[in-house]
1. Only one of (1) within 12 Å of chain A (Cβ to nearest Cβ); (2) buried (at least 18 other Cβ atoms within 10 Å of the Cβ) is not met by B:L21, so which one is it?
2. Checking the structure you have, find out if any residue of the range B:35-46 is touching a strand residue (DSSP E or B) at 6+ places or on another chain (Cβ under 6 Å) and more than 24 Å from A:R113 (Cα to Cα).
3. It is to be established whether one or more residues within the range B:36-48 are more than 22 Å from A:P110 (Cα to Cα), open to solvent by 60 Å² or more (accessible area, probe 1.4 Å) and part of a loop (DSSP other than H, G, I, E, B).
4. Please go through the range A:30-46 and give me each residue that is of a type in the set (A, V, I, L, M) and not in a strand (DSSP E or B), ordered by number.
5. For A:F49, which of the numbered conditions (1) surrounded by 13 or more Cβ atoms within 10 Å (Cβ to Cβ); (2) in contact with a Ser or Thr (Cβ under 7 Å, 6 or more places away or on another chain); (3) away from every other protein chain (no Cβ under 14 Å) fails to hold?
6. So, B:G104, is that one over 22 Å from A:Y33 (Cβ atoms) and at pLDDT 95 or above or not?
7. Anything in the range A:1-21 that is of a type outside the set (G, A, S) and part of a loop (DSSP other than H, G, I, E, B)? List them, or say none.
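The values are calculated or read from the model by the stated rules, or taken from the named source; none is laboratory data. Computed from a prediction, not measured in an experiment: that's the story for all the values here. Here the Cβ positions follow ideal geometry from the backbone for every residue, glycine too, while neighbour counts run over all protein chains shown. Calculation scope for accessible area: heavy atoms of the full protein, side chains included, ligands and nucleic acids excluded. Shrake-Rupley method; radii C 1.70, N 1.55, O 1.52, S 1.80 Å.
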Amino acid sequence: EPEVTQTPSHQVTQMGQEVILRCVPISNHLYFYWYRQILGQKVEFLVSFYNNEISEKSEIFDDQFSVERPDGSNFTLKIRSTKLEDSAMYFCASSEATSGISYNEQFFGPGTRLTVL
Amino acid sequence: KNQVEQSPQSLIILEGKNCTLQCNYTVSPFSNLRWYKQDTGRGPVSLTIMTFSENTKSNGRYTATLDADTKQSSLHITASQLSDSASYICVVSYPWGKLQFGAGTQVVVTP
């Protein structure tokens, strides 16, 4: 069964460093998303991406964040200068474009745990 | 403010027993309501998706209900198994696809 994959599973970085989190969405999916979950808190939407551009972003997704689809398979989230409060689990998700964006099931990856020291 | 509130925060049930989780939402505009299961350290997995016109939807031992008038939903787990131990998250979708997550109900099934 196709699934969303994410690498690395755990990333440790120093405050102020840049990190890139990588995701491989399900191959025939056209909508891509990033979410984060701070330990013990609820999942929060960061950004959605369609047709090579951002569809929507939350207030969390400030200028320190960027997303890219560098090739036909990868979808990346870059944090330019990490802060302590960026420590969280980051989930990538993808969905088809068959029933309208709001009805399509979003399939989540296993997550990347980012620890900023 | 658009919110998704879940109760209880956590519950412990004996294997084989049933339980019901509650969700109230104030998200508007509303497109559909989803229930996800999230195992510790893993990504959420979809259990059900319901539009405003659907009152109930089942997925195996999981049955979700929706009352769009009162903006309430429930998830009923029948004959619980140890593998049901997880966080169950109520999620509301805006018409443009953005998801608003609840904080989840942590379910622990004991032998």
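1. For B:L21, the exception is condition (1).
2. no
3. no
4. Residues satisfying the conditions are A:L30, A:I38, A:L39, A:V43.
5. Checking A:F49 against (1) surrounded by 13 or more Cβ atoms within 10 Å (Cβ to Cβ); (2) in contact with a Ser or Thr (Cβ under 7 Å, 6 or more places away or on another chain); (3) away from every other protein chain (no Cβ under 14 Å), the one that fails is (3).
6. No.
7. Answer for the range A:1-21, where residues must be of a type outside the set (G, A, S) and part of a loop (DSSP other than H, G, I, E, B): A:E1, A:P2, A:E3, A:V4, A:P8, A:Q14, A:M15, A:Q17, A:E18.
Every residue, every condition in (1) at pLDDT 90 or above; (2) open to solvent by 50 Å² or more (accessible area, probe 1.4 Å), yes or no:
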| site | (1), (2) |
| --- | --- |
| A:I54 | yes, yes |
| A:D71 | no, yes |
| A:F75 | yes, no |
| A:S94 | yes, no |
| A:S99 | no, yes |
